[in-house]
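Read-outs: derived from the displayed coordinates by stated rules, not from any lab. This is a predicted model, so every value here is computed, not measured. Note: ideal-geometry Cβ built from the backbone for every residue, glycine included; neighbour counts use all protein chains shown.
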Amino acid sequence: MSGPRKLYVKSYGCQMNVYDSHRMADLLAPEGFVETAAPEDADLIVLNTCHIREKAAEKVYSELGRVAKLKQDAARDGRRVTVAVAGCVAQAEGQEIIRRAPAVDLVVGPQSYHRLPDLLARAEREHRRGERVVATEFPIEDKFAFLTPPTTSATRARGVTAFVTVQEGCDRFCTFCVVPYTRGAEVSRPAATIIAEVRHLADAGVREVTLIGQNVNAYHGDGPDGRTWTLAQLLERVAEVPGIARLRYTTSHPRDVDDGLIAVHRDLPQLAPQLHLPVQSGSDRVLAAMNRRHTGADYLRVIERLRAARPDLALTSDFIVGFPGETEADFGDTLRIVDEVGYSGAFSFKYSARPGTPAASADDQVAEDVKSERLARLQDAINRHHAAFNAGCRGMTFDVLLEKPGRLPGQLTGRSPYLQPVQVMADTHLIGEMVAVTVTDIGTNSLFGALTAPGRQEMKPALAALGA
Ligand code: 5AD
Ligand code: SF4
């Protein structure tokens, strides 16, 4: 008798890929697959890929080289390994993967994960005929209804925090971005199924939920009352689920921040005072060329209103440098907006031309060395604000959700309301607890804190005074 089959899933890119990878593993569990962290033991290897920038997409092919070797080694021992490529590279480059990577048995796009057991069976049949399977169509059925059956225990909790996808795809068509092509048009899940999933996660010990979507604040799902719900309405309802102590949502588009969403930042105590609101560039000329449909001033106005509602709101962003046509003056506007907002952190990238997107064919591409030089200057500015934000937390007392053992013995790691990792000396029985912690020291990437005793103190909304 052979034991259970082993599954190795590797996720690249965004949080939605992490979520999808977990759902794939959940879906394959009833098929007899158990997860392994060792690819060389696996009977099924799934690479869940990212297409957002060229570098991310290229990683797949080098990983597939290593996987091909594992597959050969296993074959020598008389063991067949099935290799599947999922995610946005699968969606965008299905045939190319088949052509370039003979080890791949199955290519499966993000809209077909719920068909995975069937597709694997088909891949086995095709394999015997020397063929491979590509499933990258956009099916009409609601994949979420199959991927996360609300009444079962299919969604497995994997700790005290969890992502929950509430919408997928994007209708905004920023001219640099592949998401509208790889993830398709914006689809929102019905609120009832999201609430059922959150309830299930809470019952399994999850205390913090992050609602995710490529353009999450464009959420417009069917509500249980027969009306279309906004993200604000959904957040209010999810906050009522017993056991859920903290809520976040990501990623948002500045144009889709409505009055209701601003109001929940004021009114909903569970909603963490931290928001990822990518601006991409500070230059109005570049923003227009990116089809962002907002100016720098529009963005700053949204932030002003959010901060009026929640004075200690910490903001993070994504930036692209070297978008086609970006001049030194445009880049100066980006540096200025970084200083004006005073981000607690940000991601920054060199523009990467993506096949099929409008900006890729612009004739005023920026030279690689100019991009690199601007990226370094931007990252300096971002790091400065990040360090200032962290430094301002020294002596503060705030709620930390303790998630897992920390780096040192006796230490636990958790997150502050502002999403900073915090290391605290605390007993493991406190994992899953929201505890008051006073920040004693500041590291490069984490804060160090001590449990505040006795009892709990009020969280100080002191960050607004930082003026970073
Ligand atoms: N080149 C560089 N960065 C990109 N992003 C999206 N597309 C590209 C691209 N073609 C960045 C944006 C987005 C983040 C997820 O990735 O900043 O917000
Ligand atoms: Fe891509 Fe975000 Fe723009 Fe949508 S809003 S096209 S996901 S960058």
Amide H of S348 versus every other amide H placed in the peptide plane: which residues, excluding those fewer than 5 positions away on the same chain, fall under 5 Å? F319
Across segment 213-229, in residue order, what do the Karplus-derived ³J(HN,Hα) couplings come to in whole Hz, using 6.51 cos²θ - 1.76 cosθ + 1.60 with θ = phi - 60° and x for Gly and Pro? x, 5, 9, 5, 7, 8, 3, 8, x, 5, x, x, 8, x, 9, 7, 9
Charges on Cβ only, +1 for Lys and Arg, -1 for Asp and Glu, centred on the Cα centroid of the chain; of M396, V81, T438, which one is farthest towards the dipole's positive end? V81
Which net charge results for the neighbourhood of L119, defined as the other residues with beta-carbon distances under 14 angstrom from its beta-carbon, given Lys and Arg at +1 and Asp and Glu at -1? -2
Net charge of Cβ neighbours under 14 Å - reference A37; Lys, Arg +1; Asp, Glu -1: 0
At q = 0.09, 0.10, 0.14, 0.21 Å⁻¹, what is the base-10 log of I(q)/I(0) for segment 5-135 according to the Debye formula with one equal point scatterer per Cα and no solvent? Please give it to two decimals. -0.21, -0.27, -0.54, -1.35
With the Cα gyration tensor of segment 212-259 giving a ≥ b ≥ c as the square roots of its eigenvalues, does the rule (a/c under 1.5 for rounded; else a/b larger than b/c for prolate; else oblate) give rounded, prolate or oblate? oblate
Scan around I442 for amide H atoms under 5 Å from its own, H built in the peptide plane at 1.01 Å from N, and keep only partners 5 or more places away or cross-chain. F448
Which of H51, H429, H294 has the fewest other C-beta atoms within 10 Å, and how do the rest follow up to the most? H429, H294, H51
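Given Cβ point charges of +1 (Lys, Arg) and -1 (Asp, Glu) and nothing else, what value in debye, to the nearest 20, does the dipole of the chain about its Cα centre take?
With only Lys, Arg, Asp and Glu charged at Cβ, the dipole is about 800 debye.
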Expressed in angstrom, Rg and Dmax over the Cα atoms of the chain are 22.9, 69
Let's see if you can work this out: charge +1 on each Lys and Arg Cβ, -1 on each Asp and Glu Cβ, no other charges. What is the dipole magnitude of segment 149-272 about its Cα centre, in debye to the nearest 20? 380
Around E328, under 11 Å between beta carbons, what's the net of Lys plus Arg minus Asp minus Glu among the other residues? -2
Using 0.36 nm per residue, how much length does the chain from L300 to R129 gain when fully extended, once their Cα-Cα distance is taken away? 55.6 nm
For L211, residues with placed amide H under 5 Å, excluding near neighbours: V164, R248, Y249, T250
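Structure shown: which of K55/K404; K55/K371; K55/K350; K10/K55; K6/K69; K10/K69 lie over 21 Å apart, alpha-carbon to alpha-carbon?
The pairs that break the limit, which is 21 Å between Cα atoms, are K55/K404.
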Looking at the chain, do any whole DSSP H helices span at least 24 angstrom along their long axis by alpha carbon and average -1.0 or above on Kyte-Doolittle, and which? 54-76, 368-391
In the chain, which cysteines lack any other cysteine Cβ under 4.7 Å from their own? C14, C50, C88, C170, C393
Could you work out how much longer the chain between D363 and A75 gets when fully extended? Use 0.36 nm per residue separation minus the Cα distance between them, nm to one decimal. 98.8 nm
Cα convex hull volume per residue for segment 249-356 (Å³): 102
